[in-house]
1. Can we say residue 127 is surrounded by 14 or more Cβ atoms within 10 Å (Cβ to Cβ), in contact (Cβ under 8 Å) with a residue 60 or more places away in the chain, in a loop (DSSP other than H, G, I, E, B) and under 21 Å from the mean Cα position of the chain (by Cα)?
2. Condition check: over 27 Å from residue 183 (Cα atoms), in contact (Cβ under 8 Å) with a residue 12 or more places away in the chain and surrounded by fewer than 22 Cβ atoms within 10 Å (Cβ to Cβ). Does residue 291 satisfy that?
3. Restricting attention to the range 105-123, report how many residues are near ligand 2 (Cβ under 10 Å from one of its atoms) and either free of Cβ contacts under 8 Å to residues at least 60 places away in the same chain or not assigned by TED's automatic domain parsing to the domain that holds residue 161 (or both).
4. Scan the range 100-124 for residues that are at pLDDT below 95 and away from ligand 3 (no atom under 16 Å from the Cβ) and jot them down.
5. Within the range 78-102, can you find the residues that are among the aliphatic types (A, V, I, L, M) and surrounded by fewer than 21 Cβ atoms within 10 Å (Cβ to Cβ)?
Amino acid sequence: MKGILTLGQFIIEKQSDFPYAKGELSRLLRDIGIAAKIVNREVNKAGLMDILGDVGTINIQGESQKKLDVFANEQFIAALKSGGECCIVASEENDEFVYIDGEVSKNAKYIVAMDPLDGSSNIDVNVAVGTIFSIYRRVSTDGKATLEDVLQKGTEQVAAGYIIYGSSTMLVYTTGKGVNGFTLDPSIGEFCLSHPKMKVPDDGVIYSINEGNYVHFPEGVKKYLKYCQVEDEQTSRPYTSRYIGSMVADVHRNMIKGGIFIYPTTSGAPNGKLRLVYECNPMAFIIEQAGGRATDGFNRILDKDVTSLHQRSAIFIGSKNMVLKIEELMQTYSSKTPDEKAEATMEKFGIVGGVD
Ligand code: AHG
Ligand code: MN
Ligand code: MN
């Protein structure tokens, strides 16, 4: 029997990959692993607890109930605070970034951006959800860290990962030297290395998109969907369609089986729906490190300028050749700016800006 390697042991082993590092990043990853276990415990008993109520409602014990995404946000922030390696958290759940104050975080060098609970609408129906995180090094050199420290390009990430709370719970992360996946063994309460050196297949037969929005898609996406549905023995088409509605779960499946996850611009969301800083960039970093590709149809996700905390982006992510194919169609049939047709539709419905 092969010995197990826990996340903690693995992180310590890998610290020598960064000869000048003093262990802060390792401790930060450890803190995230601890918060993940706490969130996992709550996600797992979601059906048993009165935890599904809206924020602000009071449960039978008179305690205020919290939605799991708020709970997850608090847990991650608390773990990062007590760990002391992070000075700012930027989260989907907070309009502004949050300073991690306190004696231990005073000289902290890292910024964490996160989506504490991804796919949260799936909680009520017992379908996989996730957490996404992204780690940057602080760039400002004195005083308090600033927004400039948060708004770094995806290429500047020093680490990124996701946790999938699924039929089993996994933590998958990269520090820019490949991707490794750990499965939580509930009997010992440890994430154990189960998927070393993950590689996304170059080709796949699964496409993943909310096809209900078809009428609002750019022409290039419509053409790609038709391409997926045409019969062609040589390329194993028609492809299979799978959509969970939790980006983490959809991308995780594609990491293992190959495939493409698409969240394009739509006429109602001309900049896309998903957020660049804590959804697209970390997932793009992971996928690229696993040999896949992530773009918005025209530009590499990791190269995009980041101008605001909750900025949105279209995303085409997964198996390299599938993403290349949709890019080719986007560049042939759609324009970089929202399609004229999309603009016309928006005007017709009086829609201004993005959606939530
Ligand atoms: P979140 O729960 O963090 O708001 O994210 C949900 C996201 C993503 O996980 C998923 O892929 C997508 O929204 C689903 O959107 P649609 O319901 O529009 O398909
Ligand atoms: Mn999300
Ligand atoms: Mn979320």
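The values are calculated or read from the model by the stated rules, or taken from the named source; none is laboratory data. Just so we're clear, the structure is a prediction, and the values are computed from it rather than from any experiment. So basically every Cβ, Gly included, is an ideal-geometry build from the backbone, and we count neighbours across all protein chains shown.
1. yes
2. No: the conditions fail for residue 291.
3. 1
4. Residues satisfying the conditions are 100, 101, 102, 103, 104, 105, 106, 107, 108, 109.
5. Hits for the range 78-102 are 78, 98.
Residues are listed down the side, and each one gets a yes or a no for (1) on the phi > 0 side of the Ramachandran plot; (2) outside any loop (DSSP other than H, G, I, E, B):
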| site | (1), (2) |
| --- | --- |
| 256 | no, yes |
| 262 | no, yes |
| 269 | no, no |
| 273 | no, no |
| 279 | no, yes |
| 288 | no, yes |
| 291 | yes, no |
| 298 | no, no |
